[in-house]
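Asks: Before I ask anything, let me first share the structure, which is written out below as structure tokens.
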Amino acid sequence: MSSESGTWKQSKFEARENPLFFWQYFDTTFFLVTTITLMVSFWFFRTLKQWYRDRARTLYLAAKLPGPPTLPLIGNAHLFACNPEETLDKIKQIVQSVDTPGRFWLGPKLFIVLAEPRDYEVILGCHKASYKDKMYEFIEPFVGKGLVSGSGPVHRAHRKAIMPMLNSKALNEYLEYFDTHSRICSELLEEKAGTGVFDIQPFMVHCTFDMIFDTILGMPGSSQKEGHKELVYWTEKMYELVHTRMIKVWLHADWIFSWTDHGKKQKEGQHVIHSFIESVNFIHLMITAYLSASIVFLFPFEIPQAVARKKKEHYAIERGAIAPDRPRLMLLEQLIDHNAKTNLMNDTELRDETYTIFTAAQDTTGVISSFALLNLAMNQEIQDKVREEIRNVVGNDSVTVEHLPELKYTELVIKETLRLYPIAPLMVREATGDIDLETCTLPKGCSIVMVPYETHRSTKYWSDPEKFIPERFLPENSVGRHPYAYIPFSGGLRGCVGQKFAIMCLKTMLVHVIRKVRLTSTQNLETLRLKADISVRSRDGYMVSVERI
Ligand code: HEM
């Protein structure tokens, strides 16, 4: 206390003796505050000016593009205040009402719609369009940040590492699993013979669950025997929720979303998944996993366990404690081995990539195989041709690597299915710089919407586009067609990494099912109603009847 009052007295004394004492103090503070204020103001006005310039340029370039009339503040958001199932119709209406490139606004955000192959060619190969739109982040609460939603240098490095892991050597190893599970699927379908109309999708979805469990996680899948209706339901629902959030601009803010019915449904879905996991007896699970190696459930909690188990196995093999019973080619094993050498991914990234690939592979293949079989059920002549080819090429044998390239007509059927039902009906990118197209410039910051669904059904590139005609993909019938008129697997910098995997998987499934049962359906292509969430699906189910061959 005395020393403090001493200091104060000393300052008072110095101030009286030296009149510049306080001014010196004031000058330094004044100088610092002024400099910082000026710098902040300078930065603020510069940013504001840049923002104003960018905005003016965006408005100027957008004004040159055709599009529906906009309302103040909300733009065209009111057009999407519809049932999520109708989104595809809304986008189709926009594409059909204007000559693309066209535009629409969701609040302050500009979307430029493309449907011409020449524009796809530029966009899919352009680094400035290789970033996924921010809306893809809505998928991250479910699958984490993986190849599908990520962008930038980390995405590039992960993609570069993962792509060679889905090479022919690994795929040939996977074929055995595709064959085993497809056989089980065909036997289960055979049991449905004579039972009337049923939805074939759950059968195909469970089959793909199992194939992907074996090949991506390297763990035996047996969901076809156990059945996981709730999980299947919530996988599909999860995509629907993400999609709803993407198109409804007012749901973008987390705090609003969490209060809405959709946010509550998201929690409900997570709750179902959590409860399911918790309901499993973990001791039983571990014993089952280690002794009989039959783990049958998945989702985020399962993936970390799978990663941990595979890591343990990796280090045990390295120490020589156990010998590998086969080449370690399952995707998760390859990722762990690669990571041990390069340290490319941390544990979270490893788990997210595994789970992302798992869902990217499972949902797509499950839906496309259902559409393929439904279309064969609706077209008996085409089904007969496929069956004849299968008899000639594979007979009653297991499917081998040598058979696959010989299944040429079956491949045409798969291609035609992917034309009519492109799994990604819309693909959205963010322009990280201005991009010049043949007819216009896309301004930096806009969202680019590609609509393969529309291009795949455009009379400009396809005759009788609404009909199921596999022969249109014969080389002689494809002459002169723009290569980007057909992009079911996207292409270029963000193209699907699982294309070969998917074709192999689909061919094997078709072989087993078509040679075992004849499918019929009372549904037809003209009346089949589709919906689009993240992928295209049938609103009416995939209703077929089967009889034994
Ligand atoms: C019939 C089956 C499939 C179809 C039609 C399909 C289609 C597509 C499409 C269109 C994209 C681009 C999406 C976009 O840019 O928004 C994509 C990306 C992707 N696909 Fe597939 N896919 C299929 C199966 C698979 C399989 C089996 C795997 C894994 C084994 C897989 C893994 C991925 C991954 C990881 C990406 C993200 C790639 C990136 O952005 O770098 N897909 N797929």
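The values are calculated or read from the model by the stated rules, or taken from the named source; none is laboratory data. Remember, predicted model here, so these are calculated numbers, not experimental data. Counting neighbours? That spans all protein chains shown, and the Cβs are built from the backbone with ideal geometry, glycine included. Areas reflect the complete protein model, heavy atoms only, side chains present, ligands, DNA and RNA absent. Shrake-Rupley method; radii C 1.70, N 1.55, O 1.52, S 1.80 Å.
Asks: Describe numerically, in nm with one decimal, the distance between label points set 7 Å from Cα along Cα→Cβ at Leu188 and at Lys267.
Replies: 3.4 nm
Asks: Here's something else I'd like to know. Carbon and sulfur: what percent of the chain's accessible surface (1.4 Å probe)?
Replies: So the carbon and sulfur contribution to the accessible surface is 59 percent.
Asks: For the pairs Lys160/Lys444; Lys237/Lys415; Lys134/Lys415; Lys169/Lys385; Lys128/Lys531; Lys408/Lys516, flag any whose C-alpha to C-alpha distance is greater than 24 Å.
Replies: Lys160/Lys444; Lys237/Lys415; Lys134/Lys415; Lys169/Lys385; Lys128/Lys531, as the Cα separations exceed 24 Å there.
Asks: Also, quick follow-up: Expressed as a whole number of Å, what is the distance separating the alpha-carbon centroids of segment 62-80 and segment 498-526?
Replies: When both Cα centres are located, 42 Å separates them.
Asks: Which of rounded, prolate or oblate describes segment 315-437 when judged by the alpha-carbon gyration tensor and an a/c cut-off of 1.5?
Replies: It comes out oblate by the Cα gyration axes.
Asks: Still on this model: Compute the FRET efficiency between Thr432 and Ala308 as 1/(1 + (r/R0)^6), taking r as their Cβ-Cβ distance and R0 = 56 Å, and round to the nearest 0.05.
Replies: 0.95
Asks: Right, another one. Could you provide, to the nearest whole Å², the per residue accessible area of the chain with probe 1.4 Å?
Replies: Averaged over the residues of the chain, the accessible area is 48 Å².
Asks: If R₀ is 35 angstrom, what is the calculated FRET efficiency for the pair Lys408 and Lys128, using the beta carbon separation as r and rounding to 0.05?
Replies: Result of the calculation: an efficiency of 0.35.
Asks: While we're looking at this one, here's another question. Quick one: which residues, 5 or more positions from Gly491 or on another chain, have an amide H under 5 Å from its amide H? H modelled 1.01 Å from N in the peptide plane, none for Pro or chain starts.
Replies: Distant-sequence amide H within range of Gly491: Cys496.
Asks: Step through the residues of segment 468-480 one at a time and calculate ³J(HN,Hα) from phi using the Karplus curve (6.51 cos²θ - 1.76 cosθ + 1.60, θ = phi - 60°), rounding each to whole Hz and writing x for Gly and Pro.
Replies: Values, residue by residue: 8, 10, x, 4, 5, 8, 4, x, 5, 8, 9, 4, x Hz.
Asks: Would you calculate the separation in nanometres between label points at Leu474 and Thr260, each defined as 7 Å from the Cα along the Cα-to-beta-carbon direction?
Replies: It is 4.9 nm.
Asks: Oh, and also: Taking the chain as the reference, fit the longest principal axis to its C-alpha atoms, fit the long axis of helix 499-516 to the helix C-alpha atoms, and give the angle between the two in degrees, 0 to 90, nearest 10.
Replies: 30 degrees
Asks: For the pair Phe44 and Asp199, how long in nm is the line joining their label points, each one 7 Å along Cα→Cβ?
Replies: 5.6 nm
Asks: Tabulate in residue order the Karplus-calculated ³J(HN,Hα) for segment 481-488, using 6.51 cos²θ - 1.76 cosθ + 1.60 with θ = phi - 60°, rounded to whole Hz; enter x for Gly and Pro.
Replies: 7, 4, x, 8, 6, 9, 10, x
Asks: Rounded to whole Hz and in sequence order, give me ³J(HN,Hα) for segment 411-421 from the Karplus expression 6.51 cos²θ - 1.76 cosθ + 1.60, θ = phi - 60°, writing x for Gly and Pro.
Replies: With coefficients 6.51, -1.76 and 1.60, one gets 5, 5, 5, 5, 4, 5, 4, 5, 5, 6, 10 Hz.
Asks: Tell me which GluC sites (Glu not before Pro) from segment 389-474 have a DSSP coil assignment and no more than 11 other beta carbons within 10 Å of their own.
Replies: Passing sites in segment 389-474 are Glu402, Glu438, Glu466.
Asks: From the Cα gyration tensor of segment 134-548, with a ≥ b ≥ c the square roots of its eigenvalues, which class applies: rounded if a/c is under 1.5, or else prolate if a/b is larger than b/c, or else oblate?
Replies: Rounded is the answer for segment 134-548, as its axis ratio a/c remains below 1.5.
Asks: Under a 5 Å amide H to amide H cut-off, with H placed in plane at 1.01 Å, what residues pair with Val113 once short-range neighbours are removed?
Replies: The list, which skips near neighbours in sequence, is Gly102, Arg103, Phe104, Val449.
Asks: Still on this structure, please answer the following. Between Glu466 and Asp540, what's the calculated FRET efficiency when r is the beta-carbon distance and R0 is 22 Å? Round to 0.05.
Replies: About 0.85, to the nearest 0.05.
Asks: Right, another one. Could you give the length gained on full extension between Ile36 and Trp51, defined as 0.36 nm per residue of separation minus the Cα-Cα distance, in nm?
Replies: Residue separation times 0.36 nm, minus the Cα-Cα distance, leaves 3.2 nm.
Asks: What angle, in degrees between 0 and 90 and rounded to the nearest 10, separates the Cα long axis of helix 168-190 from the longest principal axis of the Cα atoms of the chain?
Replies: 60 degrees
Asks: Now a separate question. Using 0.36 nm per residue, how much length does the chain from Arg548 to Arg391 gain when fully extended, once their Cα-Cα distance is taken away?
Replies: Difference between extended and current length: 55.0 nm.
Asks: Run lengths n ≥ 4 of DSSP H only: what is the helix-derived mean residue ellipticity at 222 nm for the chain, with -39500 (n - 2.57) per run over all residues, to the nearest 500?
Replies: -17500 deg cm²/dmol
Asks: Let me ask something additional. Just reorder Arg548, Arg387, Arg309 by solvent-accessible area, largest first, 1.4 Å probe, all chains present.
Replies: Arg548, Arg309, Arg387
Asks: Would you mind checking the tilt of helix 201-212 against the longest principal axis of the Cα atoms of the chain, expressed as 0 to 90 degrees and rounded to 10?
Replies: Relative to the chain, helix 201-212 is tipped by roughly 70 degrees.
Asks: For Tyr542, which sequence-distant residues (separation of 5 or more, or a different chain) have an amide H within less than 5 Å of its own amide H, given hydrogens modelled in the peptide plane?
Replies: Sorted by chain and number, the residues that satisfy this are Ile200, Gln201.
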